[in-house]
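Following: one structure in C-alpha cells, then a few remarks.
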Ligand SMILES: C[S@@+](CC[C@H](N)C(=O)[O-])C[C@H]1O[C@@H](n2cnc3c(N)ncnc32)[C@H](O)[C@@H]1O
C-alpha cells in the first residue's frame, strides 16, 4: 500500500547540526546535500521507528550522517550506526569528512565516537562489510550510484541482515525527472528499486508544486520490509534485465555473485547470471 503524506517531518536535528557546522566551520558553504524537506523526512521516519541499528550506504561528506547522529544522541536511547561508502575520498576530501570534523570539534557527544556507536567503512562494497556489521538492522538509508545496476545490487545484500519491519529510505527516487544538469534522465536505479520491491507499506510525502517544479512527487521515499519483501525478492533481480547504464567491473560482479550464491536459491543466482550475460552482450553498453 502506498502511504502518502503521513510521515511527520522533523527539522530539529537538521537545524541543530547546521547551526553547529556554520558556527564552527564558517569557511565551508555546503554541509547537507539533501534538500531540507528530504532531511526532515528522514528524521521523521527515525522518530516514527525509533531504530536501534542504522545502516547508511553512500556517505559522501557525511552531512546526513552527522544529522542522524545528532538526532540519535538527542533521543537518548541505545543505538549503533554503520556507514558504508565504496570510496575513500570524494571531491578532494575524505569520505565522512564532516563526521570527523564534528568529532574533532566536539559538535556531537564524545561517546558517539568513544563507544564506537558510529562506525565508518570506506573503500569497500557492501557485501565485503555486511558480515562485520551483522544482522538486526532496523533502519537503512541507501543513496549511492543512482544508475543501473547500482542500488539494485545492494538491496538484496542488506536484505538478509534486516529485521522484520525495518525501514529502508531511498534517496533520488525521481532524480531522472529533475532535469539535473549533472545527472542524466536514465538515473533511475532507485526508481526501479522502489517500483520492483514488494512491501506492504511504501511511504511518500508529496511536496507543493511550484513555478519551477510543476509536480509534487518527491525525490525521497521509504518502504518497510516484511515477509513479502523477502518472498518477492526475485522482482528486484528481474529488474536487472533492463539495460544497465554501466557495466560493473568483473571484480565487483564476482563479489556480488558470491554473496548471492551464499544467501539466495540457485534460481535467483541464475536470474542474476542471465542479467549479467545479457548486459555484457548488449551493444548499447559495448562502447
Ligand atoms: C549521493 S552521494 C551520498 C550522499 C549522502 N547520502 C548525503 O546525504 O550527503 C553517493 C555516495 O555513494 C558512494 N557510492 C557509490 N557507489 C557506491 C557503492 N556501490 N557502495 C557504496 N557507496 C557507493 C559515493 O562514493 C558517494 O559518496
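The values are calculated or read from the model by the stated rules, or taken from the named source; none is laboratory data. Every value quoted in this text rests on a predicted model; they were computed, and no experiment measured them. As a convention, Cβ positions derive from the backbone with ideal geometry for all residues, glycine included, and neighbour counts pool all protein chains shown.
Considering only residues that are in a loop (DSSP other than H, G, I, E, B) and surrounded by 20 or more Cβ atoms within 10 Å (Cβ to Cβ), look in the range 59-83 and name the one that is farthest from the ligand (Cβ to nearest atom).
Of everything passing the filter in the range 59-83, 79 is farthest from the ligand (Cβ to nearest atom).
Which of (1) more than 16 Å from the ligand (Cβ to nearest atom); (2) within 25 Å of residue 46 (Cβ to Cβ); (3) surrounded by fewer than 19 Cβ atoms within 10 Å (Cβ to Cβ) is the odd one out, the single condition residue 174 does not satisfy?
Evaluating residue 174 over (1) more than 16 Å from the ligand (Cβ to nearest atom); (2) within 25 Å of residue 46 (Cβ to Cβ); (3) surrounded by fewer than 19 Cβ atoms within 10 Å (Cβ to Cβ) leaves (1) as the failure.
Being part of a strand (DSSP E or B) and buried (at least 21 other Cβ atoms within 10 Å of the Cβ) is the filter here; which residues of the range 210-232 pass it?
Within the range 210-232, 220, 221, 222, 223 qualify.
Can you name every residue in the range 134-154 that is touching a strand residue (DSSP E or B) at 6+ places or on another chain (Cβ under 7 Å) and under 21 Å from residue 253 (Cα atoms)?
142, 143, 144, 151, 154
If you check 269, 236, 283, which single one turns out to be within 21 Å of residue 196 (Cα to Cα) and either surrounded by fewer than 16 Cβ atoms within 10 Å (Cβ to Cβ) or more than 16 Å from the ligand (Cβ to nearest atom) (or both)?
269
If I go through the range 259-285 residue by residue, how many of them are within 27 Å of the chain's Cα centre (by Cα) and outside any helix (DSSP H, G or I)?
Total meeting the criteria: 2.
In the range 244-266, what count of residues is obtained for those that are in contact (Cβ under 8 Å) with a residue 60 or more places away in the chain and exposed (fewer than 14 other Cβ atoms within 10 Å of the Cβ)?
Matching residues across the range 244-266 total 2.
For residue 155, state whether it is surrounded by fewer than 20 Cβ atoms within 10 Å (Cβ to Cβ) and either assigned to a helix (DSSP H, G or I) or at pLDDT 95 or above (or both).
The answer is no for residue 155.
Check the range 189-208 and report whether any residue there is touching a helix residue (DSSP H, G or I) at 6+ places or on another chain (Cβ under 7 Å), closer than 26 Å to residue 270 by Cα, part of a loop (DSSP other than H, G, I, E, B) and in contact (Cβ under 8 Å) with a residue 40 or more places away in the chain.
yes
Which residue out of 182, 113, 101 is modelled with pLDDT under 95 and within 11 Å of the ligand (Cβ to nearest atom)?
Checking each option against the conditions leaves just 182.
For the range 128-146, state whether one or more residues are within 10 Å of the ligand (Cβ to nearest atom), farther than 30 Å from residue 259 by Cα and buried (at least 24 other Cβ atoms within 10 Å of the Cβ).
No.
Tell me, which residue of the range 16-36 that is surrounded by fewer than 16 Cβ atoms within 10 Å (Cβ to Cβ) and within 16 Å of the ligand (Cβ to nearest atom) is farthest from the chain's Cα centre (by Cα)?
25
Just a yes or no: is a residue in the range 187-205 within 14 Å of residue 35 (Cβ to Cβ) and surrounded by fewer than 18 Cβ atoms within 10 Å (Cβ to Cβ)?
No, the range 187-205 has no match at all.
What's the total number of residues in the range 27-58 that are over 26 Å from residue 165 (Cβ atoms) and outside any loop (DSSP other than H, G, I, E, B)?
1
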